[in-house]
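Please read the structure below before turning to the comments.
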Amino acid sequence: MVDEQLKALLASETIKAMHGRDMTARAAEARTGIAATDFSRSRNCKVDRDTIDRLITILERLDTSVEVDLTVTPRPVVAKAQPALAPSRALVATAAGHNGSRSAPWAQIPPPSVPSSHPTRPMNLLLINPNTSAAMTHSMAEAARSVAAAGTRVTGRQPSFGPASIESHFDEVFGAAGVAEQMRLAQDEGFDAVVIACFGDPGLDAARELTTAPVIGIAEAAFHAASFVATGFSVVTTMTRTCITAERLVQRYGFERTCRGIHGTDIPVLALEEGGEELLARIEAAARQALLADRSGAIVLGCGGMASLCAALQQRLGVPVVDGVTAAVKMAEALVALGLKTEKRGDYAPPLPKPWLGWAAPLGVNLRK
Ligand code: 2AL
């Protein structure tokens with residue numbers, strides 16, 4: 001008999017993604033003998049070691065080629081800072097064996113022949129839009145899905161507070177806090193990677209403190225991608241006043257030699273949602289000018305809200321056009337496939353526990369959500 005805890009665990013997204021593709025509840029039912037309705041239960045279940053051991057035993061009997069990630073929800077420990085999105089332990093079970101913690105029984109079994117980080121591994125990616133425009137979250141998540149691998153599930157979220165667009169330093173402060181909020185709320189969901197989808201990369205370092213999963217900012221991803229396909233690139237962005245943010249990021253990430261210019265179009269971020277030929281033509285004209293003036297070989301789009309325009313602009317301009325949202329998704333997949341995680345021994349260690357006051361207190365590092 002399988003108990004409630006086990007059913008809830010079996011319902012987790014990673015288990016539904018056996019064989020590198022999503023499993024329907026029916027398929028999961030056929031494979032495990034557990035009623036399909038049980039697969040709709042919460043995936044935020046807490047599991048203990050006994051449950052995991054029993055689950056491993058069941059999985060061993062299922063199929064010789066089954067590979068499953070068992071993400072163990074961290075136990076709630078007040079005042080002991082945990083990597084927020086990080087599972088306390090990730091195990092890979094196959095019929096051939098398991099690997100995991102040294103003290104656990106599965107540690108005695110030889111490692112699986114297929115590395116846990118092989119490129120077809122299914123993954124859950126969290127895309128955080130730091131502004132509060134749900135429409136923009138939707139369009140960026142769609143762009144992300146358009147390039148994501150078959151086994152990548154993209155979840156788009158935005159903060160519960162703050163500005164609808166980020167185009168000033170004041171906006172950005174709240175955007176960064178919103179990213180921190182969403183990281184805290186997602187901490188038990190076991191996301192494999194996080195993309196921060198605003199060109200200022202607000203809250204990027206803070207987000208990295210809260211998880212072992214790779215966290216990628218779209219500006220950072222776009223600069224890297226552009227530097228692979230051109231010796232020099234130009235950034236075309238929204239309001240001219242936001243150019244300083246991109247300029248500082250160029251310096252921070254060390255792209256002073258490859259970024260040849262940053263150009264504002266004075267198109268407000270929210271106007272991007274309207275789309276249309278006039279908008280596209282304005283950005284195209286700015287990009288053409290930038291390519292000439294900067295002697296650049298590629299264009300970087302300086303706003304997450306421009307993601308849906310990328311293909312059309314690349315076709316019109318005839319040069320590589322990099323959108324940070326899609327670039328970040330592919331880089332996130334690459335890092336996960338390589339088994340690379342955010343370091344926890346240096347300054348990306350979890351924040352120290354301390355008292356928190358006011359509206360942000362529930363997000364404080366020593367309080368569980
Ligand atoms: C952005 C962006 O990507 N999202 C947002 O709200 N503002 N960037 C920008 N340069 O305006």
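The values are calculated or read from the model by the stated rules, or taken from the named source; none is laboratory data. Given the structure is predicted, the values throughout are model-derived calculations rather than measurements. Here the Cβ is made from the backbone with ideal geometry for all residues, glycine too, and neighbour counts use every protein chain on show.
Observations
- Among the residues listed as Phe191, Phe199, the single one being in a loop (DSSP other than H, G, I, E, B), closer than 19 Å to Ala135 by Cα, under 17 Å from the mean Cα position of the chain (by Cα) and not small (Gly, Ala, Ser): Phe199
- When residues in the range 154-181 are screened for being within 9 Å of the ligand (Cβ to nearest atom) and not polar (S, T, N, Q), 7 of them pass.
- Test: residue in the range 262-284 that is over 24 Å from Ile128 (Cβ atoms), touching a Gly at 6+ places or on another chain (Cβ under 7 Å) and modelled with pLDDT of 95 or more: no
- Pairing each residue of the range 173-191 that is within 10 Å of Gly203 (Cβ to Cβ) and polar (S, T, N, Q) with any residue that is assigned to a helix (DSSP H, G or I) and at pLDDT 95 or above, provided the two are 6+ apart or on different chains, yields C-beta distances under 9 Å for Gln182/Ala207.
- Within the range 330-348, considering residues that are over 21 Å from Ala311 (Cα atoms) and touching a helix residue (DSSP H, G or I) at 6+ places or on another chain (Cβ under 6 Å), the one surrounded by the most Cβ atoms within 10 Å (Cβ to Cβ): Thr342
- Scan of the range 308-329 for residues that are among the charged types (D, E, K, R) and either crowded, with 17+ Cβ neighbours inside 10 Å or modelled with pLDDT under 95 (or both), ordered by number: Asp323
- Leu270 meets the conditions (1) aliphatic (A, V, I, L, M); (2) crowded, with 19+ Cβ neighbours inside 10 Å; (3) within 14 Å of the ligand (Cβ to nearest atom); (4) assigned to a helix (DSSP H, G or I) in every case but one. The failed one is (2).
- Pairing each residue of the range 331-357 that is in contact (Cβ under 8 Å) with a residue 24 or more places away in the chain with any residue that is among the aromatic types (Phe, Trp, Tyr), provided the two are 6+ apart or on different chains, yields C-beta distances under 6 Å for Thr342/Tyr348.
- Positions within the range 202-238 being touching a helix residue (DSSP H, G or I) at 6+ places or on another chain (Cβ under 7 Å), over 23 Å from Glu256 (Cβ atoms) and outside any helix (DSSP H, G or I), in sequence order: Gly203, Leu210, Thr211, Pro214, Val215
- For the range 253-267, the tally of residues that are of a type outside the set (Asp, Glu) and surrounded by fewer than 13 Cβ atoms within 10 Å (Cβ to Cβ) stands at 2.
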